[in-house]
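Report on one structure; see the data block that follows.
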Amino acid sequence: MKLLKKAYIVHYIQLLTFWGDSHDMLIHTRQNLNLRVESQEVMTYLLHLKCMICEQTFNSQVVQTYCADCNAPLFAQYDLHAIEKSLDRDQIKLRRAGMWRWHELLPVEDLNLIASLGEGDTPIVPLSTLGIRYRNHEIYAKDEGINPTSSFKARGLSAAVSKASELGIKNLAIPTAGNAGGALAAYASRARLKSAVVMPSDTPPIIIQECRLYGADVILLDGLISDCAAVVADMTAKGEWFSVSTFREPYRLEGKKIMGYELAEQFNWLLPDVIIYPTGGGTGLIGIWKAFQELGALGWIEESHLPKMVAVQSDGCAPVVKAFQSGWDHCEYWENARTIASGVRVPHSFADHVILDILKRSGGTAIAVSDEEILDAQVELSISEGIFASPEGAATMAAWKKLLSSNFIASDERVVLFITASGVKYI
Ligand SMILES: Cc1ncc(COP(=O)(O)O)c(C=O)c1O
């Protein structure tokens with residue numbers, strides 16, 4: 001009886017605290033626990049979606065996938081003029097931490113339907129020991145491993161699942177190399193949606209268990225992510241599932257682009273000189289570049305100083321590197337893809353021409369590293385800086401060392417390595 005009374009009092013105090021807090025926010029629900037939106041703020045300035053090839057626009061209020069005419073992805077367009085007039089970049093810093101503090105530049109209209117687990121606002125860590133060891137260089141890591149589900153995929157799936165909820169979609173399926181599957185499963189649970197994850201049977205076992213634990217239907221295939229994509233295409237053709245495959249739906253990119261916004265803010269709106277990103281399907285790299293374009297249009301950064309974008313792949317699966325070095329505008333399918341960096345074991349990207357265009361425009365490059373170089377970098381990064389990176393993340397450090405020795409990176413250039421996931425899941 002005494003215990004019951006105590007529990008009742010605690011509950012009553014919690015209720016009072018909640019009411020006291022609620023006057024300055026529109027609503028505070030289970031899905032969006034860490035989001036606060038002031039009543040005078042516009043939730044999103046999303047206008048429509050656009051195919052960058054034929055420039056056709058698509059209504060974002062209904063379910064969209066990609067431009068079937070051009071077989072190309074759709075990109076979300078915002079009313080940047082209105083944002084420029086109504087929003088001060090430094091005001092965003094004062095908001096509650098997390099990806100959704102950039103909500104005007106994200107696609108969701110209904111705050112209640114945001115599925116959040118506290119993603120975003122990952123740290124920029126100066127890698128001083130490594131910087132001194134290699135030519136006194138200024139180098140940083142953006143550590144995405146601290147996101148929910150331990151990778152940057154959390155950002156994209158938070159955005160895509162939230163928007164899917166808003167559009168009334170109930171069942172989400174994904175072909176994945178691993179991390180995106182874990183993130184979909186977690187965010188779908190958060191939003192009370194059903195998820196199916198199709199992945200190669202040699203995906204790290206922890207990721208497979210994680211997806212099952214979140215309640216996803218897990219399908220394992222003896223094959224690559226491209227084989228998984230064919231299975232998901234079949235599932236969606238039958239009409240029961242909606243595919244959130246990379247670039248087959250437009251909103252994962254939006255979550256990932258916030259990495260670019262955070263970077264600009266963390267560098268006090270003066271972007272670094274080089275960004276090194278492990279590239280598979282390309283959403284991370286393309287998302288960051290999209291952020292820089294939007295930031296330029298908003299007048300929040302200097303458009304004349306954009307970083308050189310570097311795509312890193314494994315020499316066991318390097319379609320982007322091959323195409324870039326050959327001067328092509330598209331990639332060929334990479335046969336017999338093999339690497340320990342499963343996230344970049346992507347034999348072909350749907351957005352290959354966009355990735356190649358960004359590398360060229362930014363004055364960047366594409367570089368392949370071996371699995372041995374990745375493992376060495378993983379150890380060096382852990383011992384020297386206390387960051388345990390996934391193989392994909394460690395690949396950026398291996399690439400940095402190569403680019404320093406080839407003088408692609410000058411010693412006075414500031415470099416950011418994207419540590420896209422934690423190494424913990426790969427043990
Ligand atoms: C840890 C990690 N890094 C990088 C990538 C490649 O990401 P993107 O598809 O954005 O190129 C993946 C994709 O699975 C990943 O899991």
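The values are calculated or read from the model by the stated rules, or taken from the named source; none is laboratory data. Note that this is a predicted model, so its numbers are computed, not measured. Every residue, glycine as well, gets a Cβ built from its backbone with ideal geometry; the counts of neighbours run over all protein chains shown.
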Taking the options ILE225, ILE219, ILE258, name whichever one is within 16 Å of the ligand (Cβ to nearest atom) and outside the structural domain of LEU298 (by TED's automatic domain parsing). ILE225
Among ALA177, ALA196, ALA173, which is in a loop (DSSP other than H, G, I, E, B), within 20 Å of the chain's Cα centre (by Cα), among the aliphatic types (A, V, I, L, M) and closer than 19 Å to VAL231 by Cα? ALA177
Looking at segment 273-285, I want the residues that are within 10 Å of VAL344 (Cβ to Cβ) and have a partner that is within 6 Å of the ligand (Cβ to nearest atom) and part of a loop (DSSP other than H, G, I, E, B) with Cβ atoms under 7 Å, at least 6 apart or on another chain. Which pairs are those? PRO278/THR420; GLY280/ALA177; GLY281/THR246
If we only count helices (runs of 4 or more DSSP H) wholly inside segment 250-328, which ones have 3 or more residues that are closer than 22 Å to ASN407 by Cβ and touching a strand residue (DSSP E or B) at 6+ places or on another chain (Cβ under 9 Å)? 319-326
Inside segment 308-349, can you point out the residues that are of a type in the set (Phe, Trp, Tyr) and surrounded by 19 or more Cβ atoms within 10 Å (Cβ to Cβ)? PHE324, TRP334
Matching residues in segment 219-241 (under 25 Å from GLY316 (Cβ atoms), outside any loop (DSSP other than H, G, I, E, B) and of a type outside the set (Gly, Ala, Ser)) number 8
Scanning for something within 30 Å of TYR45 (Cα to Cα) and touching an Asp or Glu at 6+ places or on another chain (Cβ under 8 Å), does segment 314-326 turn up at least one residue? no
Find the helices (runs of 4 or more DSSP H) located wholly in segment 1-113 whose residues include 1 or more that are in contact with a His (Cβ under 9 Å, 6 or more places away or on another chain) and either surrounded by fewer than 16 Cβ atoms within 10 Å (Cβ to Cβ) or at pLDDT below 75 (or both), and list them. 2-21
For ARG361, indicate whether it is touching a residue at least 40 places away in the same chain (Cβ under 8 Å), more than 30 Å from ASP222 (Cβ to Cβ) and within 23 Å of the chain's Cα centre (by Cα). no
Can you find a residue that is touching a strand residue (DSSP E or B) at 6+ places or on another chain (Cβ under 6 Å) and not aromatic (Phe, Trp, Tyr) anywhere in segment 344-356? yes
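Matching residues to (1) of a type outside the set (Gly, Ala, Ser); (2) within 15 Å of the ligand (Cβ to nearest atom); (3) not in a helix (DSSP H, G or I):
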residue	(1), (2), (3)
GLY118	no, no, yes
VAL125	yes, no, yes
TYR140	yes, no, yes
ARG155	yes, yes, no
SER165	no, no, no
GLY168	no, no, yes
GLY182	no, yes, no
Meets criteria (of a type in the set (Ser, Thr, Tyr) and either in the same structural domain as ALA377 (by TED's automatic domain parsing) or surrounded by fewer than 24 Cβ atoms within 10 Å (Cβ to Cβ) (or both)) for SER201: yes
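Matching residues to (1) within 16 Å of the ligand (Cβ to nearest atom); (2) not aromatic (Phe, Trp, Tyr):
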{"residue": "TYR251", "(1), (2)": "yes, no"}
{"residue": "LEU271", "(1), (2)": "no, yes"}
{"residue": "ILE276", "(1), (2)": "yes, yes"}
{"residue": "GLY284", "(1), (2)": "yes, yes"}
{"residue": "TRP289", "(1), (2)": "yes, no"}
{"residue": "ALA297", "(1), (2)": "no, yes"}
